[in-house]
């Protein structure tokens, strides 16, 4: 196969790709992740690049007029047939590192909500014990494993001791290396222990575990000392599957349309996780084989892709996953950088669109122990929620879409440097804003978009339906795709462009907030409860932490309840995983918790649609639901 | 690395080996297994070859004078430094296919001894069931696995259903392929079932299993229909590990002395087994993935090598194996040609020299259910035996050495074509004999050697100590290594040589038979029983089936009890494995059986040595033990 040389600018890196490859392939080969919300279908228009030297074929697709005029083409639809070519891959078309929510107050939250669950410290997933064996002789000639088991039975108070095949292979050498002293790491079950690692001598290092949250957008890990329960190190990054589409649906489409698509999506998420782990290990100076257990929380699609399980029926009515519970997998089966026989536990899901991340989050909240009704909302790419108390729990997923993560919004972006996260427009249409890292503005992230919706309405720039009004400022203008309001002028922006919000953007945001609120309303109706029955609302998810509560209520995204009813619990999925990693009993409890949730399929019947239509106003057609909102 | 071309004669095959390789390496590269009883150490002198063209270095070692005179060298110590070379690898130096004991009366034997164990047909290791599922909808939206488990719980009457990771991956496609009809194969446990295979549609083929006997010398497999319990097909061959030494000790030495030695010994036995399985599958037109379970019986060293477990301490006092019980391994972990998630069960061992093959054989005999004492002897490369009844069982291993398999005997060989298996010398020293396949004689196999010992003594050629006497025949002569008797003259032999038995050969045979008898005696002494307390003697092992009972008693190998006390049970290891494969309860029973045997370490104390010295006569120094033997 003929190879074509592509020079990546501005770095000047050279890569070779097969003839007929796309420029997106060339970027991947160079280790550059491009923005491809559509999964490389030519429809999102985000991977714009410019050929500086040489010629490429194709490159058409949904390009903005400005980009077209400036000679940009799409990397995903442009192929190289002869070389060499030199191509500029501008920063604005690349996905860069961004803020991933990592919390440092996990211990506190767990202590607050869950103290009683941790009283039984005997329920550890992993135990590491030092053993001194007696030397065998012709009369006392039990096998090495029998000798070791006898000692372990006493130490672990467990009758049934087994050993992994790999650990058995070298056991004879290990027990003799340091004069019959060994340190063994055991995976614990209710009434059994499996030896997975034997170290020669008496070794003091603790057994380690990893809590893992695989979000559609971001991935976070926490390294945990399983002996003390202390969190040692956290790390996070964006999910590199983003190059296969922004949301779960486009990722599933990718697995169906690409040859080896499922294998690719699995590999890329595992590579991402391994990269995070390697950084953690290097920082803490530990080796992968010291990690014996991993607890994974993720939505149902992410778990299917992580494990390489066929996901296609998740996106087809009636939306059936392969399974809602997952086998315990060994490290070596996935190639994850932990001990080869380390156990990987996955939180059970409730349904295709209420996954293990929600069960994990619900576990963290402790709502299943309350007498009063609590509402847990995880606002990410989807909006999932659980409403319940100790008697009854209901959950649902409303397809809010990725608007709050910047998807489908002209200048929407994730919370990276230069993203507008707070914004105020005063009555004279003067705009003030704050960006992430105070970098020159290049776009708007979720919390900025909510502020924006509120402030546009407050300043009278949009009406209750979200339609743009004729207002006396040159910031209001007719753009390529209809009316738009200039938030940041090109001369002060970080990308030399006017940063605008369009009427279509506003409509997308209203759809998203309407879906979330309609979901809450339908659950309340099904349970025959008024909004006031809710005594606490817990907001989780990467985006939740940066959200302006007042503005969210004012636009009708969240119920009009006093601020003290609300708690922001951060990355509840990761925290719940951390919590479950500390105790088998807690994990078992979470399995029961998942089973105890009644799943409400919103696409079944008309109730959701009716509520959704009513919520397509700012804040709502029924203003009595939002008494604090002035009109 | 420079490559040297070696032409293998008489075939004329050409192979390339790295400079510095031995001619043994060249033979291996050409797929030829040479006789190397010593494991390629230059000491057994069996891999004699002749360079026809070109030059090689070395080739020295324990060569016979005749071989040396004829220009032969040893393949194992000869290295090639420049090429090309042409080398004759004579048939007499190669290991060829030979008789492997395969029995067709297994069902009968099992029925006879074990009828009661098979009444509970619910204890199958594998069940294959057809399931018709109801189609999901928005209200009935359980996951595919949950849907399948619900049905299986009813069919299998088992609460706890799991699915293997591999089977889960494609489950969504399988259930939908034939309109929600599937056939699932489950590995069964006491109160749980694991789905390991899902076939689309309603499939009629039964679940299959493999019984496997890994002997030091031979390997045998039986394909079993696990639904009916019928044996479908058997196959056997020699253990290709023979190129690494004839006995377990030299194989362990090989793993220690060669780089990657353990990996090599494991690979070669797995290749041998896979070759046997492939032949069976082709004959029966089934695929490896249709085989869901495998039951393995083998001695302790063979199991260690099969699983790649460090074996070195088995041969060092106090003779400790890594384990006497082995984890259940999946097909994919060993690369065995069965279903990737098929379960491989290994019989537990008792000690380093009483292995799972003896537990399997003991299971077959049913001796643990008898009121009277039964003796089970497996005569292979070692002589292992179990003496016991329902109250008490004792077992031991006497290092008989490989004499009865032809090891250490000038013209000793395995029971291949041309091996003398029966022999009579009359008072005029006329020799008549029968060979395997009636081929021209090339050597003597085990049963022939026993006959030979008896007939040499009867004809007065040797005395009770095994010393050769001056007798009036030109068949008696002084050979290179002392007195020898010509059994077959060169003109009628199949290899152009006089086939002789030497005084040293006789001594080796007497050592071997003395070890077996001394083992029996020490067990009787420990249990304070006279020989007459034994009511049945069961002879197992590949060699046992061809053994002349009368001659064996006359030379003092076996106790002097009436012929009707004896039963020849053939390959008891394979038969026991077949039996256990049919029922989890039987296998569990065999684990208890193994635990119930008291292991007698013969090297501990002087009793064995004293008995051994007394047995170094024909038949024994204490003639009262052999009343039927005339002197």
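The values are calculated or read from the model by the stated rules, or taken from the named source; none is laboratory data. This structure is a prediction, so every number in the text was calculated from the model and none was measured. A quick note on method: Cβ atoms are made from the backbone with ideal geometry, for glycine too, and the neighbour counts reach across all protein chains shown.
Tabulated values for the structure
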| quantity | calculated |
| --- | --- |
| The lone exception for residue A:201 - which of (1) more than 14 Å from every other protein chain (Cβ to nearest Cβ); (2) in contact with a strand residue (DSSP E or B) (Cβ under 7 Å, 6 or more places away or on another chain); (3) buried (at least 21 other Cβ atoms within 10 Å of the Cβ) it fails | (3) |
| Where residue B:305 falls short, out of the listed (1) away from chain A (no Cβ under 14 Å); (2) modelled with pLDDT of 95 or more | (1) |
| Filter result (more than 22 Å from residue B:623 (Cβ to Cβ) and either modelled with pLDDT of 90 or more or more than 21 Å from the chain's Cα centre (by Cα) (or both)) within segment B:540-564 | B:564 |
| Residue under evaluation residue B:80, criteria (1) more than 35 Å from the chain's Cα centre (by Cα); (2) modelled with pLDDT of 85 or more, criterion not met | (1) |
| Residues located in segment A:422-460, provided they are touching a strand residue (DSSP E or B) at 6+ places or on another chain (Cβ under 6 Å) and in a loop (DSSP other than H, G, I, E, B) | A:441, A:445, A:459 |
| Condition met for residue A:489 (without any contact (Cβ under 8 Å) to a residue 24 or more places away in the chain and either in contact with a strand residue (DSSP E or B) (Cβ under 8 Å, 6 or more places away or on another chain) or within 23 Å of residue A:406 (Cα to Cα) (or both)) | yes |
| Test: residue B:317 is more than 24 Å from residue B:572 (Cα to Cα) and modelled with pLDDT under 95 | yes |
| Looking only at segment B:119-146, and only at residues there that are assigned to a loop (DSSP other than H, G, I, E, B) and more than 14 Å from chain A (Cβ to nearest Cβ), the one that is modelled with the highest pLDDT | B:125 |
| Hits in segment B:352-396 (condition: in contact with a strand residue (DSSP E or B) (Cβ under 6 Å, 6 or more places away or on another chain), at pLDDT below 95 and within 14 Å of chain A (Cβ to nearest Cβ)) | B:353 |
| Meets criteria (within 14 Å of chain A (Cβ to nearest Cβ) and more than 19 Å from residue B:252 (Cβ to Cβ)) for residue B:327 | yes |
| In segment A:375-421, residue surrounded by the fewest Cβ atoms within 10 Å (Cβ to Cβ) [restricted to those that are in a strand (DSSP E or B) and more than 23 Å from the chain's Cα centre (by Cα)] | A:393 |
| Wholly enclosed helices (runs of 4 or more DSSP H) of segment B:241-349 bearing at least 2 residues free of Cβ contacts under 8 Å to residues at least 60 places away in the same chain and crowded, with 22+ Cβ neighbours inside 10 Å | B:261-284, B:300-307 |
| Residue ID - surrounded by the most Cβ atoms within 10 Å (Cβ to Cβ), chosen from residues in segment A:159-194 that are modelled with pLDDT of 95 or more and in a loop (DSSP other than H, G, I, E, B) | A:164 |
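Yes/no per residue for (1) outside the structural domain of residue B:411 (by TED's automatic domain parsing); (2) in a loop (DSSP other than H, G, I, E, B); (3) at pLDDT 90 or above; (4) touching a strand residue (DSSP E or B) at 6+ places or on another chain (Cβ under 6 Å):
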site	(1), (2), (3), (4)
B:8	yes, no, no, no
B:28	yes, no, no, no
B:38	yes, yes, no, no
B:41	yes, yes, no, no
B:49	yes, no, yes, yes
B:61	yes, yes, no, yes
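Residue-by-condition table, conditions (1) out of contact with any helix residue (DSSP H, G or I) (no Cβ under 7 Å at 6 or more places or on another chain); (2) within 28 Å of residue A:626 (Cα to Cα):
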residue	(1), (2)
A:422	no, yes
A:428	yes, yes
A:463	yes, yes
A:472	yes, no
A:481	no, no
A:491	yes, no
A:499	yes, no
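Listed here are the residues, each with its yes/no results for (1) crowded, with 21+ Cβ neighbours inside 10 Å; (2) in contact with a helix residue (DSSP H, G or I) (Cβ under 6 Å, 6 or more places away or on another chain).
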residue: B:564; (1), (2): no, no
residue: B:571; (1), (2): yes, no
residue: B:583; (1), (2): yes, yes
residue: B:592; (1), (2): no, no
residue: B:611; (1), (2): yes, yes
